[in-house]
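What follows is a short report on a single structure.
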Amino acid sequence: MIVGAGLAGLPIAWELLRRGATVRMLDRGRPGDGTSRVAAGMFAPITEVEPDDPAHLMLGQLARERWTGFVDDLRAATGHEIAIRTQGTLAVARDRDEAEALDRFRAICDRFGLAVERLMPSAARKREPALAPTLRLALEIPDDAAVDPRTVTAALADAVAAAGGTIESDCEVRGLLVEGGRAVGVERADGTVVRAGAVVIAGGAESARMAGVPDHTRVPVRPVKGQLLMLRDPSGPGMVERVLRFGPGYLVPRDDGRYVLGATTEERGFDRTVTAWAVHDLLRDGSELVPGVLDLELVETLVGWRPTSPDGLPAVGPAHDVDGLWWATGQHRNGVLFASITGALLVDALLGRRTLPERYGAIDPLAVVDPRRFASVTLDVDDPAAPATDEAGAAHPREEDHAR
């Protein structure tokens, strides 16, 4: 049983079904309608993480490498066409401080042998003519890519159904059932009990709040709020072709003339408010980079909660000291990128049959994401914005609220 049918739960369900398991999914809404629907869809193993964090970098690179095969398999299973935009990313600087930050970033990338090219403003504008003439510097990251996560979740839901899986939508889960130290199923909000041989909690930022989970085995994920805008060019695609990164923000093109402009980073707990200051700041920052942004139609305002662990890495694998309970959460800003490996990570651990490499560079992927590394860390589930602490009461580092 998998609780949560988003970009964490759906790949796990599909992978389990392909290896012969019987799978039931429960989701409080409809598949992919949570934070997965809000995601910008970037594959950014370099620009979305600190490249001097080898574990995070290598895990992201492994996920990026698997995306082509992942999409090919989905197409073969469902007929869905999923377009991966492979034009790469331009990280740009609007002022001297941002230019110096890009140069520092490039130096780290060079040290790790990552493909990054430094561009003068004129060269950057040749690649993307819509860029403002005030641009100071740019870096081209050719290996980054992007996809529309809504098409991915739709394909995954169809793949699960085609493989014989069951997805129950609009199904609120009241809590986990644990008997004799083992997870045996869940209780729905209507009081009915559904039993299973194994339970996977893949509920995004809300995973840590599920009732019935023993406190000592909870993964201490917290919600980091992000506000985004969906814009549309009525004349069609082509204003920009690459993902554009600037400071904490980005502009991500879609193939149909839509653009995702994001994103705020807010420690506000489970707050879904769309604020005027966020819309103002996103449009101001985006138009400083691409003046044509202000001519686009505003078609959606979006809010999502990034499921964030204390170390920023996913938690995918067995629960600490509760048999039959498995976690798939903590993807933070990389839920789309990690969708290509989440299923294999969880199912390799659950079935004890390895399909991923035992080592990728300097890391063992299963060990890096093992949720049991948080066995001594607690989170106040009544106040998920409170700092996660270890047994000694020391607070773990938290992300700053860049938007403010």
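The values are calculated or read from the model by the stated rules, or taken from the named source; none is laboratory data. Since the model is a prediction, treat every value here as computed from it, not as a measurement. Ideal geometry is used to build each Cβ from the backbone, glycine not excepted, and the neighbour counts take in all protein chains shown.
Quick notes on this one:
- Every pair of residues 6+ apart whose Cβ atoms lie under 9 Å, when the first sits in the stretch 144-166 and is assigned by TED's automatic domain parsing to the domain that holds ARG37 and among the polar types (S, T, N, Q) while the second is assigned to a helix (DSSP H, G or I) and surrounded by fewer than 22 Cβ atoms within 10 Å (Cβ to Cβ): THR153/ARG37
- Scanning the stretch 119-160 for residues being among the acidic types (Asp, Glu) and surrounded by 23 or more Cβ atoms within 10 Å (Cβ to Cβ) gives a total of 1.
- Single residue of VAL224, VAL252, VAL240 found to be farther than 27 Å from TRP327 by Cβ, within 17 Å of the chain's Cα centre (by Cα) and not acidic (Asp, Glu): VAL252
- Some residue of the stretch 71-79 being of a type in the set (A, V, I, L, M, F, W, C) and within 21 Å of the chain's Cα centre (by Cα): yes
- Checking ALA211 against (1) touching a residue at least 40 places away in the same chain (Cβ under 8 Å); (2) within 26 Å of the chain's Cα centre (by Cα), the condition it does not meet: (1)
- Within the stretch 345-360, residues that are surrounded by 17 or more Cβ atoms within 10 Å (Cβ to Cβ) sit with their Cβ atoms under 7 Å from residues that are part of a loop (DSSP other than H, G, I, E, B), at 6+ positions apart or across chains, in these pairs: LEU345/LEU356; LEU345/VAL369; VAL347/ARG19; ASP348/ARG354; ASP348/THR355; ASP348/LEU356; LEU350/ALA198.
- Test: residue in the stretch 302-323 that is out of contact with any Ser or Thr (no Cβ under 6 Å at 6 or more places or on another chain) and either within 24 Å of GLN87 (Cβ to Cβ) or assigned to a helix (DSSP H, G or I) (or both): yes
- Only residues that are surrounded by fewer than 22 Cβ atoms within 10 Å (Cβ to Cβ) and touching a Pro at 6+ places or on another chain (Cβ under 6 Å) were counted in the stretch 215-234, giving 0.
- All positions within the stretch 226-276 that are outside any strand (DSSP E or B) and of a type in the set (S, T, N, Q): SER235, THR264, THR265, THR273, THR275
- Among the candidates LEU251, LEU282, residue that is in contact with a strand residue (DSSP E or B) (Cβ under 7 Å, 6 or more places away or on another chain), closer than 18 Å to THR134 by Cβ and either polar (S, T, N, Q) or surrounded by 21 or more Cβ atoms within 10 Å (Cβ to Cβ) (or both): LEU251
- Test: residue in the stretch 330-339 that is over 27 Å from GLY181 (Cβ atoms) and surrounded by fewer than 18 Cβ atoms within 10 Å (Cβ to Cβ): no
- Residues satisfying the criterion are absent from the stretch 54-71 (criterion: farther than 30 Å from ARG353 by Cβ and without any contact (Cβ under 8 Å) to a residue 60 or more places away in the chain).
- Flag if GLY335 is modelled with pLDDT of 90 or more, at positive phi and in contact with a Leu (Cβ under 7 Å, 6 or more places away or on another chain): no
- Candidates in the stretch 294-330 are the residues that are acidic (Asp, Glu) and touching a strand residue (DSSP E or B) at 6+ places or on another chain (Cβ under 7 Å); of these, the one that is farthest from MET230 (Cα to Cα) is ASP323.
- From the list ILE84, ILE108, the lone residue that is touching a strand residue (DSSP E or B) at 6+ places or on another chain (Cβ under 9 Å) and either within 26 Å of LEU313 (Cα to Cα) or assigned by TED's automatic domain parsing to the domain that holds ALA339 (or both) is ILE84.
- Within the span defined as the stretch 365-372, every residue fails to be under 21 Å from the mean Cα position of the chain (by Cα) and modelled with pLDDT under 90.
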